[in-house]
1. Would you be able to tell me the number of residues in segment 171-202 that are in a helix (DSSP H, G or I), open to solvent by 40 Å² or more (accessible area, probe 1.4 Å), more than 15 Å from GLY157 (Cα to Cα) and at pLDDT below 80?
2. Could you grab me the full set of residues in segment 7-46 that are under 22 Å from VAL89 (Cα atoms) and among the charged types (D, E, K, R)?
3. Consider segment 279-306. How many of its residues are in contact with a helix residue (DSSP H, G or I) (Cβ under 9 Å, 6 or more places away or on another chain), surrounded by 13 or more Cβ atoms within 10 Å (Cβ to Cβ) and farther than 17 Å from GLN26 by Cα?
4. Could you check segment 109-131 and list, in sequence order, the residues that are aliphatic (A, V, I, L, M) and farther than 20 Å from CYS190 by Cα?
5. PHE127: of a type in the set (Phe, Trp, Tyr), under 19 Å from VAL238 (Cα atoms) and assigned to a helix (DSSP H, G or I), yes or no?
6. So, LYS12, is that one assigned to a loop (DSSP other than H, G, I, E, B) and basic (Lys, Arg) or not?
7. Do we find that CYS272 is within 20 Å of the chain's Cα centre (by Cα), under 14 Å from ILE227 (Cα atoms) and at pLDDT below 85 in this structure?
8. Working carefully through the options LYS72, LYS60, LYS53, find the one that is part of a helix (DSSP H, G or I), open to solvent by 50 Å² or more (accessible area, probe 1.4 Å) and touching a Lys or Arg at 6+ places or on another chain (Cβ under 8 Å).
Amino acid sequence: MSGVLSLDINIKEPRWDQSTFMGRAQHFFFATDPRNILKSSETLEDARVTVKKYMYGVVKPGLTEDELWRAKYIYDSAFHPDTGEKMVVVGRMSAQVPMNMTITGCMLTFYRTTPAIVFWQWVNQSFNAVVNYSNRSGDAALTTNQLAAAYISATTGAVVTALGLKSLAKRLPAVMSRFVPFFAVAAANCINIPFMRQRELKYGIPVTDEEGNRLGESVTAAKSGIIQVVVSRIGMAVPAMAIPPVIMNALEKKAFMKRFPVLNAPVQVGLCLVFATPLCCALFPQKSSMAVSSLETDLQERILHSSPHTSTVFFNKGL
């Protein structure tokens, strides 16, 4: 019927070509838009219903293509792609910018004393633990005991690393001490993410064929996805934590910064953090791929038996 939206739109995939960096960047600028955390529960539910109904061939009267894509990105910003569960607000990627602006600013400002380092590293890694769990790959949840053990290990490792780096920085030029928060965050990401996603490393994550048919679970794919996420997260910290210390070391000598020291944190994190999150998420496709020949031997054999024509598998690497 004329005027009815076509059912040929592949709403399961992003709107832009994910084989290119620019396509992934466009996708993540929408997916990580901080304004999405302000959406009400009613708006999120309406977006979920619109997207799910469209997937089943039911189009809301008067729905346009732009409205459909808008609903998809609102839905994707709040619901886990594998489990379909609504994520807690601070665990959503759309909360990364406001949360990191606050935490990063404090870490860069209050880096001189041991209690401040311990406190803000704990706050940061507690936040990261929620984000890492919320954006894990696969549809299996950690038990309460596993989650508690992962959280304690991740936050403790991060704090110990930060203190070790602070002690080392005492023997280096003053400007180097400003990099303690960045190196601590980088090292902590290498600890926090694997711990919070330890179940994937033990049991694997779902891998599918090109049509989305589940073929099994792979630990190899889980390792690949987690490494990519670690690299992306460290990349996110570079603009906000590695570049500003050099700038701020010079600015703090200026009269206006001495007069208004409260501007220290906002000036640092406001430089480029807004762009770092989507651009670093775009470094790797969220729907990653791997040759069947690179998987575990037993999984290769099962895939060869059940889907002999499949040469490449796909998986959600997480964020």
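The values are calculated or read from the model by the stated rules, or taken from the named source; none is laboratory data. In this text the structure is predicted, and so the values were computed from the model without any measurement. All Cβ positions, glycine included, derive from the backbone under ideal geometry; neighbour counts span all protein chains shown. To get the accessible areas, we keep the full protein, side chains included, count just its heavy atoms, and leave off ligands, DNA and RNA. Shrake-Rupley method; radii C 1.70, N 1.55, O 1.52, S 1.80 Å.
1. Count: 3.
2. Of everything in segment 7-46, those that are under 22 Å from VAL89 (Cα atoms) and among the charged types (D, E, K, R) turn out to be ASP33, ARG35, LYS39, GLU42, GLU45, ASP46.
3. Qualifying residue count for the region: 9.
4. Selection gives ALA116 alone.
5. It is true that PHE127 is of a type in the set (Phe, Trp, Tyr), under 19 Å from VAL238 (Cα atoms) and assigned to a helix (DSSP H, G or I).
6. yes
7. Spelling it out, it is not the case that CYS272 is within 20 Å of the chain's Cα centre (by Cα), under 14 Å from ILE227 (Cα atoms) and at pLDDT below 85.
8. Going through LYS72, LYS60, LYS53 in turn, just one is part of a helix (DSSP H, G or I), open to solvent by 50 Å² or more (accessible area, probe 1.4 Å) and touching a Lys or Arg at 6+ places or on another chain (Cβ under 8 Å): LYS53.
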